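The values are calculated or read from the model by the stated rules, or taken from the named source; none is laboratory data. From a predicted model like this one, the values you see are computed outputs, not experimental measurements. Glycine gets a Cβ as well: all are built from the backbone with ideal geometry, and neighbour counts include every protein chain shown.
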Amino acid sequence: MELSEEELIKGCLAGIQAFQQMLYRRYAAKMLTVCMRYAANREEAEDVLQEGFIIVFEKMHQFRMQGSFEGWVRKIMINKSLEHLKKANKIYPVLDIDNIADKFISEEDVLNLIDTKELLKMIQELPPVYKMVFNLFVFEGMGHKEIADMLGIVEGTSKSNLSDARSLLKKKIYKNLLIEEKSMYNERKANGE
Amino acid sequence: MSEKQTGNNIDEIFKKAIEPVNTEPSDEFWRKAAEDVISRGSKLNEKKASRWRAIAFILGAGLLMVGYFAYKMENGLKNVEQQITAVKNAQNQNPEKANGNINKKDNDSPAAPVSNNNQQLARQSINTNKENSAKYSTPSIRAEKTGNDKYASSGKTGKPQTIVAAFNKKSYNNSHHKTSVEPPVNIANNKIISETKQPQANASNENTANNTNASEISSTGKPIQKSVENGQTPEYAVKANTQTSVASIDSSKPLQSLEQSQTENPSRFSLSAFFSPEIITGYNFKNNDLRGSQVESVIKSEEKRNFSFSAGTKLEYELSSCLSISAGIGYQTFSFNFNPGVIYAQKQSDGDVGYSITTSSGVVECPYYYGAPKVGDSLTMNTNSTRRYLEIPLQLKYAFINKAKYKLYLNGGIEANVCLGESTTMNWQDYWNNSGVATVNSTVGSSAMYFSYYVGMGADYKICKHISLYAEPGFHNAISSIDNNTPVVSYPWIFSLTTGMIYRF
């Protein structure tokens, strides 16, 4: 029988090792995905995840059993990711970007033709500040004002960075789709269709 | 693809694609996570143990200080009581001296003879009687022969002689004959504790016309009879011996010696040192999960207890002649062998495959350095473990037989046992004949502290006034378990034979 969040937290606070291990098992996979969206690669994401869990155990007594514990852990992971980026001096504005023509990209095409890992990699390859703004806006549902306060930028910059991030991602998707279409064409040709 | 421009389309695409995805961390991550959990547990245990060590140290230091101050206080009170006793004794013995009862005739003394002026007073010294020398001593008294065959004083019987002088009352009253209270003499050593100085009597009324013989004050302070000439009222001239005189003491009542006074007012505190061989006779087990009963049977069959002991000190305070309370501190060590024979590699709590054994005090993880074991690999192993505790007992003792030389008593109380550390040495050999010895200084799930109660019965034999020896077989039973969060938790039963020495202040 799976333990409730409250039971799990109480067991961890009591220092019971079995409960602490259970906490790792319950949230590590999900939180790694979160960290990977902010990190440049998997190794960096796992380092952030490790450090994030240390903070979770240290600050667990501050959690007041109000709201989702998963959401609380996620916020810690995001803050840790941001700290990591700031430490590595990767938060810098990117002003110049190649504007590409907006083309409609079919969601169905993307989900069918492009692997999730590829999509995740596209986010990882974004410039750090674009990555942060895109993740915070799209996945965490934060507003531009909140994002601006968090990153130490103005609201306008947050908006423009989001727009630029979208453009870059579209570019990558488009490029990927073209490659896929080309390979599909070649495959059909080889089959004599 | 149509060329329709959209803004939020890309957001939805990524959100739908990525948000539900879980990414499994690598083995390296899980290894670090396991290390983090173990180190967190060790730190917590270490913190708890060091906290209890500090408390035990403070309690021990406090006990010693209390014992020291109580000892000092008892000594001080004893001295005061001694002085009071001495004063009382002195007052009891010399009431007549204090009052200067000069009119009383001592029945022991001969009647004062009337001397002739012309007669020579013979001087006679009264020697201290050897038989009574232990009880009292008298100074040499010089008396003059007052008659043909009579002497003013005689020391032949050895008893202190009081010599009554027929004297002129008036002349006496004019004298400055005073004596101070005489302190007691230490009979045992025949020494003078203190001395009385008698002031020089004023010889202003001395009749020196006919009898100018110096007369001296007897040891009892009464004037010596002086020779009287022809019907004249004998007068006396008292010439006090200005030197110190020795107090005489009634031999029928020996003074209370120092040792006696100590016996009547002994200290209530005593300090004991003990050594106790112990053996864990068994455990009460409580199963925590489905594997508990299996683990319990393995522990019962494979764990062999070795010689164990505890040693320490206790401070005891007597509430009454039968009841006393004690607190102490001791070092306790338990040793046992655990020989499971063959153990198999299994998935551990951290997710890795490895070797571990579950003992009565927790899980010992066995390091293996010849590659990562797979499920089903095996090792042949035997281990020896030692657990060390700081024992803090608080006990109540009731003596149901209490004689001068020995007593039999019941003793019981509670104990706090703080874990100071554990060490397990493992001798292993694998399928490919690789072998090794590994020592692990931590046990997963071991409690930092556990409580137990104690009952015992003992005998105490007094070999001298301050020191006695005792022997006390007893049982300790754990109230809280010595481990937690393991498949089975253990509550040990321990038999002990405590022997020791008690010093009573």
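Structure above, values below:
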item	result
Residue within region A:48-58 that is within 8 Å of another protein chain (Cβ to nearest Cβ) and under 19 Å from B:Glu19 (Cβ atoms) present	yes
Positions within region B:401-449 being more than 23 Å from B:Pro367 (Cα to Cα), in contact with a Phe, Trp or Tyr (Cβ under 9 Å, 6 or more places away or on another chain) and surrounded by fewer than 13 Cβ atoms within 10 Å (Cβ to Cβ), in sequence order	B:Ile401, B:Lys405
Region B:419-457 - residue that is in contact with a Gly (Cβ under 7 Å, 6 or more places away or on another chain) and among the small types (Gly, Ala, Ser) and, of those, farthest from the other protein chains (Cβ to nearest Cβ)	B:Gly456
Test: residue in region B:22-37 that is touching a strand residue (DSSP E or B) at 6+ places or on another chain (Cβ under 8 Å) and either in contact (Cβ under 8 Å) with a residue 12 or more places away in the chain or over 22 Å from B:Gly362 (Cβ atoms) (or both)	no
Selection status of A:Met31, within 14 Å of chain B (Cβ to nearest Cβ), surrounded by 18 or more Cβ atoms within 10 Å (Cβ to Cβ) and touching a residue at least 40 places away in the same chain (Cβ under 8 Å)	yes
Test: residue in region B:19-28 that is part of a helix (DSSP H, G or I), at negative phi and surrounded by 14 or more Cβ atoms within 10 Å (Cβ to Cβ)	no
Scan of region A:141-193 for residues that are exposed (fewer than 12 other Cβ atoms within 10 Å of the Cβ) and not in a helix (DSSP H, G or I), ordered by number	A:Gly141, A:Gly152, A:Gly192, A:Glu193
Yes/no for A:Ala28 being within 22 Å of A:Leu120 (Cβ to Cβ), of a type in the set (Gly, Ala, Ser) and modelled with pLDDT of 90 or more	yes
Sole residue being surrounded by 14 or more Cβ atoms within 10 Å (Cβ to Cβ), closer than 30 Å to B:Gly76 by Cα and away from chain A (no Cβ under 14 Å), chosen from B:Ile463, B:Ile494, B:Ile502	B:Ile502
Those residues of region A:34-52 which are surrounded by fewer than 22 Cβ atoms within 10 Å (Cβ to Cβ) and either of a type in the set (A, V, I, L, M, F, W, C) or more than 21 Å from B:Leu44 (Cβ to Cβ) (or both), in sequence order	A:Ala40, A:Asn41, A:Arg42, A:Glu43, A:Glu44, A:Glu46, A:Asp47
Residue ID - farthest from the other protein chains (Cβ to nearest Cβ), chosen from residues in region A:109-157 that are over 19 Å from A:Ala39 (Cα atoms) and polar (S, T, N, Q)	A:Thr157
Selection within region B:466-491 - part of a strand (DSSP E or B) and surrounded by 17 or more Cβ atoms within 10 Å (Cβ to Cβ)	B:Ser468, B:Tyr470, B:Glu472, B:Gly474, B:His476, B:Ala478, B:Asp483, B:Val488, B:Val489, B:Ser490, B:Tyr491
Any hit, region B:341-352, residues being β-branched (Val, Ile, Thr) and under 45 Å from the mean Cα position of the chain (by Cα)	no
Close pairs (8 angstrom Cβ cut-off, 6 or more residues apart or separate chains): in a helix (DSSP H, G or I) in region B:62-82, aromatic (Phe, Trp, Tyr) and modelled with pLDDT of 75 or more anywhere	B:Gly67/B:Phe269; B:Ala70/B:Phe269; B:Ala70/B:Tyr317; B:Ala70/B:Phe505; B:Tyr71/B:Phe269; B:Tyr71/B:Phe505; B:Glu74/B:Phe269; B:Glu74/B:Phe505
Meets criteria (surrounded by 15 or more Cβ atoms within 10 Å (Cβ to Cβ), charged (D, E, K, R) and more than 12 Å from chain B (Cβ to nearest Cβ)) for A:Glu5	yes
